[in-house]
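Some notes on the structure that comes next.
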Amino acid sequence: MEKSLGRKKIAVFISGRGSNLKSLLKYSKTKKSLFKIVLVISNKSNAKGLEYASKSKIKNFFIKYSNKKNFEKQSLKLLKKYKVDLICLAGFMKIVSKNFIKRFSKPIINIHPSLLPKYKGLDTHYRAIKNGDKFSGATVHIVNEKMDSGKIILQEKIKILKSDTEKSLEKKVLKIEHRIYSKAIIKLLTTY
Ligand code: GAR
């Protein structure tokens with residue numbers, strides 16, 4: 001990716017709580033940040049992350065997910081309008097189409113609460129505990145048209161303790177997510 005002066009413009013796609021959005025925003029406000037968040041898009045009108053974006057004075061939009069084609073068409077208009085360089089999916093629970101990836105033509109990345117390629121999809125913590133895994137973690141990866149696939153940018157793992165429950169593991173992994181998402185963006189912006 002082109003290394004230019006000025007901060008890269010990021011759009012964050014969400015579907016809910018928005019804690020990753022929050023941590024990205026916090027980082028983006030530091031002096032050293034190489035990026036700024038210029039746009040937040042949600043497919044859910046009641047996503048908590050939208051309220052947070054409004055409070056933080058970031059342009060934010062709810063786009064009804066009546067169908068993928070329409071959602072992506074409207075998103076592309078906004079991405080163009082706000083001159084977005086990179087899309088970060090942060091708890092965005094939809095799969096983007098090949099056509100959308102091609103039309104956007106700049107990187108799209110995603111964060112996922114497992115050590116990919118293990119446990120794509122939902123219930124990652126439940127599955128890791130059920131299978132008796134020794135480790136779990138979080139992964140930031142390039143998005144392709146397959147769910148939770150694509151080249152891994154950064155991954156960090158954590159030990160699963162005997163005492164861990166789905167809830168406690170989720171909490172620990174979320175902490176990792178908040179730490180590695182901005183790191184992964186910096187890595188992407190400076191090395192690719
Ligand atoms: C996060 O744990 C994120 O990794 C996960 O949804 C949660 C959203 O939390 N994403 C996926 O599972 C995508 N496959 P947040 O809304 O508080 O950032």
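Nothing in this text is a laboratory measurement; each read-out follows from the coordinates by a stated rule. Everything numeric in this text was worked out from a predicted model, so none of it was measured. Counting neighbours? That spans all protein chains shown, and the Cβs are built from the backbone with ideal geometry, glycine included.
Charge tally around R103: other residues with Cβ under 10 Å, Lys/Arg +1 each, Asp/Glu -1 each, net +3. Taking the number of Cβ atoms within 10 Å of each Cβ as an exposure proxy, the fewest-first ranking of S97, S75 is S97, S75. Of A138, A11, A128, which has the largest mean-square fluctuation in a 10 Å C-alpha GNM of the chain? So, out of A138, A11, A128, the one fluctuating most is A128. Among T190, T124, sorting on how many other beta-carbon atoms sit within 10 Å of each Cβ, with the fewest leading, yields T190, T124.
Under 1.5 on a/c is rounded, so check that first for the range 64-192, then, if it is not, pick prolate when a/b is larger than b/c and oblate when it is not; a ≥ b ≥ c are the square roots of the alpha carbon gyration tensor eigenvalues. Because a/c hits 1.5 or more and a/b exceeds b/c, the range 64-192 counts as prolate. Listed by chain and number, the aspartates and glutamates whose alpha-carbon sits under 18 Å from that of K9, ignoring those within fewer than 8 places in the same chain, are D85.
Exposure proxy shown here: for D133, D148, the number of other Cβ atoms within 10 Å sets the order, fewest to most, as D133, D148. Taking the DSSP beta bridges in the chain as the whole, what percent of them are antiparallel, to the nearest 5? About 40 percent, rounded to the nearest 5.
Here the relative contact order of the chain, from alpha carbon pairs under 8 Å that lie six or more residues apart, stands at 20 percent.
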